[in-house]
Amino acid sequence: MFVINFKINFKKMILICIICAALIASIVEFCFNDTTIFANANAEDFYYNISDDNFISTLKMIHENIDENIGRTIKVSGFVYTLADFNKDFFVCGRYMSSDETTQVAGYLCNYVGDLELNENEWVEIYGSIIKGDYNGEVPVIKVDRINKIIAPANTYVEEK
């Protein structure tokens, strides 16, 4: 029969447990953390947070300065609008704009590849980033990262300000 005699140093055991817990927490935090930019959809998370007041002015500015805006994040809402010559993954997130007694659609060309079925004139809120695309010339395109169906606002028109 063998007798083994050993002492347990509880202070060292607690210290080892704390170090192991800190190591595991660090690995979980830094290796498995979801770092997508849209984890929290607050206004400050987006370079452009488009509203009724800045819809047209921001649209013009982005079109005039495509290269400077590539990669910038954007949040915009509008209705789904398509043209016959659009590829299946493209649509315009648009709003009605009145000018000179005519009404026309103004909006952001969007590229969306996903499972959500979008119908013409359905209202959506888009979260994405700006890329360069080609539609009758070089144009900015919103590469949609997330999309939500929403209820149409009371005022579906925007004005140039």
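Coordinate-derived values only; no laboratory data. What you are looking at is a predicted structure, and each value in this text was computed from that prediction instead of being measured. FYI the Cβ positions are ideal-geometry reconstructions off the backbone, even for glycines, and counts take in every protein chain you see.
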### Query
Which one of Asn69, Val124, Gly94 has its Cα pushed farthest toward the positive end of the charge dipole of segment 58-134, where Lys and Arg give +1 and Asp and Glu give -1 at the Cβ?
Asn69
### Task
Scan around Gly133 for amide H atoms under 5 Å from its own, H built in the peptide plane at 1.01 Å from N, and keep only partners 5 or more places away or cross-chain.
Val139, Val141
### Mean Cβ count within 10 Å, highest first, over the residues of peptides 83-92, 112-121
83-92, 112-121
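What is the magnitude of the charge dipole of segment 77-117 about its Cα centre, with +1 placed on the Cβ of each Lys and Arg, -1 on the Cβ of each Asp and Glu, and no other charges, expressed in debye to the nearest 20?
On the way: 2 positive and 6 negative charges, 15 e Å.
Here the size comes out at about 80 debye.
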## Note on the structure
Once Glu117 and Arg72 are pulled to full extension, the length gained, defined as 0.36 nm per residue separation minus their Cα-Cα distance, is 13.6 nm
### Query
Between Ser51 and Val105, what is the spin-label point distance in nm, taking each point 7 Å from the Cα along the Cα→C-beta axis?
2.6 nm
